[in-house]
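The next block holds one structure in the form of structure tokens; read it before the comments.
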Amino acid sequence: MRSIWKYRLEPGAFTLVPMPRAARILCVQVQGDLPTIWALVDPQEPTVARRIAILATGESVQDDLVVANYIGSFQLVAGALVFHAFDGGEDPNYEWLPVQGRFRKREVPSGGLP
């Protein structure tokens with residue numbers, strides 16, 4: 001059964017967010033003082049690395065963000081700061097280590113792609 005989960009974000013270039021595979025990001029808003037995204041997830045799916053970028057207005061945009069999906073914009077400090085959230089999709093180069101609560105870069109076998 002699917003449910004809606006929330007994820008706290010940090011401003012900056014792409015951040016890896018652990019969420020179930022094929023999650024559908026619904027929106028970004030500020031809850032309390034923290035930017036947060038909500039996503040429709042299937043908790044039975046394995047956890048994957050989701051690339052989320054938070055950029056300030058006027059900040060340079062990396063080329064890989066051009067193809068990322070725009071999630072939405074939000075304001076902090078009573079509207080003095082405006083940020084924009086982008087979804088770069090699932091990153092297969094990382095695996096989630098639940099016991100450690102972090103991602104690990106997958107090792108590529110010598111001589112080719114995984």
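Nothing in this text is a laboratory measurement; each read-out follows from the coordinates by a stated rule. None of these values were measured; they are calculated from a predicted model. No Cβ is skipped: glycine too gets one built from the backbone with ideal geometry, and neighbour counts run over all protein chains shown.
Structure notes:
- Put in line by how crowded their Cβ is, counting other Cβ atoms within 10 Å and starting with the fewest, VAL108, VAL28 read VAL108, VAL28.
- Protection proxy ranking, highest mean first, for peptides 14-21, 70-77, 52-59: 14-21, 52-59, 70-77, where packing is the per-residue count of other beta-carbon atoms within 10 Å, averaged.
- Taking every alpha-carbon pair under 8 Å whose residues sit at least 6 apart, the chain reaches a relative contact order of 25 percent.
- Alpha-carbon gyration tensor eigenvalues x 5, square-rooted, for segment 1-61, Å: 23, 13, 8
- Under the simplified labelling scheme, the ASN69-ALA56 pair shows an inter-label distance of 2.8 nm, with each label point 7 Å from Cα along Cα→Cβ.
- Read-out P(r) over Cα pairs in 10 Å bins from 0, in percent, derived from the coordinates shown; its label in (1) 10, 14, 11, 10, 9, 8, 7, 7, 6, 5, 5, 4, 2, 1, 0; (2) 13, 41, 32, 11, 2, 0; (3) 11, 28, 19, 16, 13, 7, 4, 2, 1: (2)
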